[in-house]
1. Out of everything in segment 49-86 that is open to solvent by less than 50 Å² (accessible area, probe 1.4 Å) and among the hydroxyl-bearing types (S, T, Y), what residue ends up being farthest from S196 (Cα to Cα)?
2. Sort out which residues of segment 153-182 are within 10 Å of G210 (Cα to Cα), within 16 Å of the ligand (Cβ to nearest atom) and open to solvent by 40 Å² or more (accessible area, probe 1.4 Å), and write them in order of number.
3. Go through the residues of segment 87-109 one by one and say whether even a single one is open to solvent by less than 10 Å² (accessible area, probe 1.4 Å), within 16 Å of the ligand (Cβ to nearest atom), touching a residue at least 40 places away in the same chain (Cβ under 8 Å) and within 30 Å of E185 (Cα to Cα).
4. Go through segment 110-152 and give me each residue that's farther than 25 Å from H70 by Cα, open to solvent by 40 Å² or more (accessible area, probe 1.4 Å) and either within 16 Å of the ligand (Cβ to nearest atom) or not in a helix (DSSP H, G or I) (or both).
5. Applying the selection to segment 183-196, what residues are open to solvent by 90 Å² or more (accessible area, probe 1.4 Å) and either outside any loop (DSSP other than H, G, I, E, B) or of a type in the set (F, W, Y) (or both)?
6. Among the candidates S32, S46, which residue alone is open to solvent by 10 Å² or more (accessible area, probe 1.4 Å), assigned to a helix (DSSP H, G or I), touching a helix residue (DSSP H, G or I) at 6+ places or on another chain (Cβ under 7 Å) and within 16 Å of the ligand (Cβ to nearest atom)?
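The values are calculated or read from the model by the stated rules, or taken from the named source; none is laboratory data. Here the structure is a predicted model, which is why all the values come from computation and not from measurement. Positions of Cβ are generated from backbone atoms using ideal geometry, with glycine treated the same way; all protein chains shown enter the neighbour counts. All accessible areas refer to the heavy atoms of the entire protein, side chains included, with ligands and DNA or RNA removed. Shrake-Rupley method; radii C 1.70, N 1.55, O 1.52, S 1.80 Å.
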Amino acid sequence: MLLENLSYVEVESYLAEKDTILIPIGSVEQHSPYGLIGTDFITAESIAREVGKRLDLLVAPTLPYGMSQHHMGFSGTVTLSPETFTKVIKDITTSLLDHGFKRIIYINGHGGNINPAKNAFDQLKYEGKKGIFTIISWFLLGDVLNLAKELFEDKEGHHATPSEVSITKYLRPDAFKNKPKNEKEVEDKEFYWPLSKEEFKKVFPDGRMGSAPWLATEKYGKLILEEATRATIAEVRKVLKMPLV
Ligand code: NI
């Protein structure tokens, strides 16, 4: 069920029965020459919508923009500052709380969003807001990490991973027609985090972080998407069982 397709009357009916909503969030940022700029929100949206379908939960429109400051050295990246991202998450959460939603679950496709989202939740709680606000990052769930390790071993890396690129390849095969296919060296570099956009480009010149995105296939994508959906459902179920204070 997609929020964007309902009338307010239908939202009222939903709220008479349920108190949960899923919101996909991602980023608009470089994913190396091999992956799509939209990778993080495309994956999060697809997983959230499938979870919503299987658990019969409402899914809000996707927030595509995220906190991607360290990727600004690469063309096409669009970032929100951490402060703005935190404010956007606060405003979305507050709007949904105002209507009676009580379990607000962000389904996340981008690591840079985690700290500013949690910052928003901390601020909302400090302001006395009631309800459960949480963020589930599909790519960090144990079963997904295990599958990635099984499929790509030490070539999964940390950014522009063959896992996320596989999912987008499965969902949007046409977008990959002109992407490169050549293999490059995979290095596991040591660095301090965070990095500025200049430092990031110096350490990771083509935007990959220890990954081999050329290993991505549609077949793996289907497999990883299913595992990510299943693992996310398990996490969402925990939130559904959690008593409200
Ligand atoms: Ni990504």
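1. T62
2. K155, H158
3. yes
4. Across segment 110-152, the qualifying residues are E127, G128, K129, K130.
5. Y192, W193
6. Details: S32 fails: assigned to a helix (DSSP H, G or I).
Being open to solvent by 10 Å² or more (accessible area, probe 1.4 Å), assigned to a helix (DSSP H, G or I), touching a helix residue (DSSP H, G or I) at 6+ places or on another chain (Cβ under 7 Å) and within 16 Å of the ligand (Cβ to nearest atom) holds for just one of S32, S46, which is S46.
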